[in-house]
Amino acid sequence: SDFGLTKEASSTQDTAKLPVKWTSPEALREKELHAHLNGSVSFETIEKLIGRKPHLNIEHGMTAIGKGQRRTLDECFQVFKVIHQLVDTEEDILMVAKDVIKEFAADGVKYLELRSTPREEKSTGLTKKRYIETVIKAIQLCKNEGVDIDVRFLVAIDRRNGTEVAVETVKLAEEFMLSSDGLVVGIDLSGDPTVGHGKDLLPALQMAKNCGLKLSLHLSEIQSQLEESDLLLDLPPDRIGHGTFLHPDVGGSQSVFDKVVKNNIPLELCLTSNVKGQTVACYSKHHFKYWYHLGHPSVICTDDKGVFCTDLSQEYQLAASTFGLSREAVWELSQQAIDCIFAPDAVKQQLKQKWIDLKPQVF
Ligand code: 6MZ
């Protein structure tokens with residue numbers, strides 16, 4: 001094949017050793033399709049939040065996993081708990097969402113799908129409905145300020161909360177899908193993969209699908225989830241988050257593999273997140289290579305840019321240097337992501353036109 005998969009870079013751990021940053025923000029118009037709001041909070045925003053809540057005694061080391069550091073996935077989920085303590089009012093959510101949107105825009109991202117789990121905080125009066133309204137408000141404020149990025153929102157179901165909450169979340173999402181001017185486009189299923197089972201969430205997910213919400217499901221982020229993935233793939237979802245263990249070369253069954261391929265379900269792949277969370281041993285073993293090799297739609301994403309200390313151009317660089325992708329190949333990878341977005345066809349057409357206009361400037 002001409003994918004250059006054998007030309008793996010000798011070290012992709014240390015970004016300082018990466019090639020010159022050719023994916024300059026002006027040059028590469030990226031799309032980010034897998035970003036959890038509270039995992040995307042930057043160092044600077046955490047600083048502001050800590051300033052607002054000094055009594056919590058939270059330090060930076062508790063909210064991010066730095067260069068060269070690794071944690072178990074379990075420890076990653078402890079980090080989210082700390083961030084949730086810092087982000088528990090409407091004002092916090094508004095600031096966090098605005099900052100995150102502007103940071104993605106500054107990195108050259110032109111289309112962003114943010115996802116977040118609506119939370120209720122009795123102590124501050126925050127309700128799930130207000131939570132979603134506040135994220136939508138942040139998107140609209142950025143738009144009014146002229147920030148050059150198209151942002152959509154996926155309402156997230158945390159798998160640990162079970163059937164009832166999942167159904168309640170879908171109902172809320174449906175309400176906002178109809179009232180948010182197209183900003184709420186779908187549902188995300190995420191949360192600690194070791195907790196809960198997809199079969200309990202299936203009715204809620206089916207309900208979401210029936211009412212026109214798009215579905216992005218975290219599937220097989222850990223090895224033991226194959227049976228659950230097999231079940232949820234029958235929906236089928238519109239995109240898959242991680243899908244780390246779905247390919248037969250990394251332990252996936254023929255059944256799950258066939259369902260993903262037959263339905264051509266795009267994968268959202270997050271290199272740094274998977275390596276730092278230790279579900280993938282090293283960059284060169286990332287499942288990106290199997291799917292990319294097949295020509296299967298694969299979208300490079302950040303997952304949690306704050307927690308994993310990365311950004312989308314860094315993730316593209318990592319993929320390029322690890323798997324020896326040419327500039328042309330990276331361009332195509334980023335272009336193909338347009339077909340995987342959840343916004344309507346008119347938005348896809350606009351993005352495709354942008355690509356046509358921009359290409360001569362890059363090559
Ligand atoms: C599964 C993840 C995740 O929703 O409060 N989340 N779920 N796997 C991952 N891989 C590392 N990273 C983040 O953002 C934080 C929440 O996103 C989900 C978890 O449910 C986490 O609590 P929000 O904005």
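Scanning region 205-250 for residues that are of a type in the set (Gly, Ala, Ser) and in contact with a Leu (Cβ under 7 Å, 6 or more places away or on another chain), we see that the one that is surrounded by the most Cβ atoms within 10 Å (Cβ to Cβ) is Ser220.
Scanning region 114-137 for residues that are within 12 Å of the ligand (Cβ to nearest atom) and of a type in the set (A, V, I, L, M, F, W, C) gives Leu114, Ile132, Val135.
Go through (1) within 16 Å of the ligand (Cβ to nearest atom); (2) outside any helix (DSSP H, G or I); (3) closer than 22 Å to Glu32 by Cα and name the single condition Lys67 misses. The number of the failed condition is (1). Among helices (runs of 4 or more DSSP H) entirely within region 248-327, having at least 3 residues that are over 25 Å from Thr63 (Cβ atoms) and not small (Gly, Ala, Ser) singles out 254-262, 288-294. Just a yes or no: is a residue in region 38-61 touching a Lys or Arg at 6+ places or on another chain (Cβ under 8 Å), modelled with pLDDT of 90 or more and of a type in the set (D, E, K, R)? No, region 38-61 has no match at all.
Against the numbered list (1) surrounded by fewer than 17 Cβ atoms within 10 Å (Cβ to Cβ); (2) outside any helix (DSSP H, G or I); (3) without any contact (Cβ under 8 Å) to a residue 40 or more places away in the chain, Gly182 comes up short only at (3). Comparison of Ile136, Ile187, Ile157 shows that the only residue that is more than 20 Å from His218 (Cβ to Cβ), of a type outside the set (Phe, Trp, Tyr) and without any contact (Cβ under 8 Å) to a residue 60 or more places away in the chain is Ile136. Note on region 70-109: residues that are surrounded by 14 or more Cβ atoms within 10 Å (Cβ to Cβ), away from the ligand (no atom under 12 Å from the Cβ) and either over 17 Å from the mean Cα position of the chain (by Cα) or closer than 19 Å to Ile132 by Cβ (or both) total 7.
Looking across region 190-204 at every residue that is within 16 Å of the ligand (Cβ to nearest atom) and in contact (Cβ under 8 Å) with a residue 40 or more places away in the chain, the one that is surrounded by the fewest Cβ atoms within 10 Å (Cβ to Cβ) is identified as Thr194. Of all residues in region 251-265, those that are modelled with pLDDT under 95 have Cβ atoms under 8 Å from Cβ atoms of residues that are of a type outside the set (Ser, Thr, Tyr), 6 or more apart or on another chain, in Gly251/Gln223; Gly251/Leu226; Gly251/Phe245.
The values are calculated or read from the model by the stated rules, or taken from the named source; none is laboratory data. Predicted model, so just to flag it, every value in this text is computed and none were measured. Please note: Cβ atoms are built from the backbone with ideal geometry, for glycine as well, and neighbour counts cover all protein chains shown.
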